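Trainee: Before I ask anything, let me first share the structure, which is written out below as structure tokens.
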Amino acid sequence: MRILSVLAGVVFMGALATYGVGAYRSGTVSLIPAMNAVGVPMPAEVRESAEQRSPATSVEYKTGEGEGEIKRLVIGLDLSKSNPMITDSDYALKVAQRISSMVKDLGFRSEVRVRTFGSFGGDENTFRFDALVSSRYRPEKLAKELELLIGNTPTLVSRGTWQPQDRTNIIGFLENMAQVVDCNSMTTVYILASDGLEESEYSNMKRQTSPLPHASGQFQGCDELLILGLGQGTDSPTMTKRMRDQWQEWAQAAGFKRFSGLNDW
């Protein structure tokens, strides 16, 4: 089952269910029914490719032929109300294309984990998708599906499939993922499609007197923390710089080797 099949499940089963989906043993499927089910715009070339593809005609590749680097991407989609990605379709597509370009360059045996987050607990947003890049689920295929999924975030939110969040507990989300992701087993990059505004028991970054808490090194061995959209929606370069400085300090103390906070790209 591919991501777009998951989208169909989201629509038909309701927004409050948990969707844990793995692509480790999946075969070739048509994406047309799932995309039609949620009204995802589908380019003509994608439609034609899906209609013509079948297990019998699919080209098989031996695992290991992929030229990209083998790594793990942990992708967090911030559904808080302050993040313009949940309402601005053009901006959501821009984020989707950036993430898609990173997925497309992965080598076989890479892992991709996708989660939504917002308030701590997040009972309204339990979307999860774990995929293993392979000859059966090639990186360019996964990249295209992720682009369609993330690019249609405003549509999923407006339909009530994904619930907008009043607060944003970014650190809580990261700490939960740290319990199940071993950065020492594979090069690991955390990608947050987020405005970076922590609003939780830890900190309220809208206030200059409320900095991020000190990190305790639980991300030792992790390669990079990347925030796409840092400060988006604030319309304040000084606030964006302050947030970038705080996240840089937090990421370094947490154990990340690198931090990037992009307001625009």
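Trainee: Every residue in region 222-238 that is over 21 Å from VAL103 (Cβ atoms) and either modelled with pLDDT of 95 or more or crowded, with 16+ Cβ neighbours inside 10 Å (or both), please.
Mentor: GLY231, GLN232, GLY233, THR234
Trainee: Something else: Only residues that are in contact (Cβ under 8 Å) with a residue 60 or more places away in the chain, assigned to a strand (DSSP E or B) and over 13 Å from the mean Cα position of the chain (by Cα): list them for region 74-116, please.
Mentor: SER80
Trainee: Against the condition under 28 Å from GLY151 (Cβ atoms), touching a Gly at 6+ places or on another chain (Cβ under 9 Å), in a helix (DSSP H, G or I) and in contact (Cβ under 8 Å) with a residue 12 or more places away in the chain, how does LEU197 come out, does it pass?
Mentor: Here the answer is no, as LEU197 does not meet what is asked.
Trainee: PRO154 - would you say it is of a type outside the set (A, V, I, L, M, F, W, C) and surrounded by 21 or more Cβ atoms within 10 Å (Cβ to Cβ)?
Mentor: So PRO154 fails the test.
Trainee: Only one of these is crowded, with 16+ Cβ neighbours inside 10 Å and in contact with a Cys (Cβ under 9 Å, 6 or more places away or on another chain): PHE173, PHE219. Name it.
Mentor: Just one listed residue meets the conditions, PHE219.
Trainee: Could I ask something else about it? So, in region 226-265, how many residues would count as being part of a strand (DSSP E or B) and touching a Phe, Trp or Tyr at 6+ places or on another chain (Cβ under 8 Å)?
Mentor: 5
Trainee: Out of region 125-145, which residues are of a type outside the set (Phe, Trp, Tyr) and either in contact with a strand residue (DSSP E or B) (Cβ under 7 Å, 6 or more places away or on another chain) or within 24 Å of ARG167 (Cβ to Cβ) (or both)?
Mentor: Correct list: ASN125, THR126, ARG128, ASP130, ALA131, LEU132, VAL133, PRO139, LEU142.
Trainee: Go through (1) without any contact (Cβ under 8 Å) to a residue 40 or more places away in the chain; (2) more than 17 Å from the chain's Cα centre (by Cα) and name the single condition PHE219 misses.
Mentor: (1)
Trainee: Shifting gears a bit: Restricting to region 200-225, and then to whatever is among the hydrophobic types (A, V, I, L, M, F, W, C) and in a loop (DSSP other than H, G, I, E, B), can you tell me which residue is nearest to PRO84 (Cα to Cα)? Give the steps one after another, and end with the answer.
Mentor: Initial filter on region 200-225 (among the hydrophobic types (A, V, I, L, M, F, W, C)): 205, 212, 215, 219, 222, 225.
From what is left, the residues that are in a loop (DSSP other than H, G, I, E, B) are 205, 212, 215, 219, 222.
Values: MET205: 17, LEU212: 22, ALA215: 27, PHE219: 28, CYS222: 28 Å.
Filtering first and then ranking leaves MET205.
The values are calculated or read from the model by the stated rules, or taken from the named source; none is laboratory data. What you are looking at is a predicted structure, and each value in this text was computed from that prediction instead of being measured. So basically every Cβ, Gly included, is an ideal-geometry build from the backbone, and we count neighbours across all protein chains shown.
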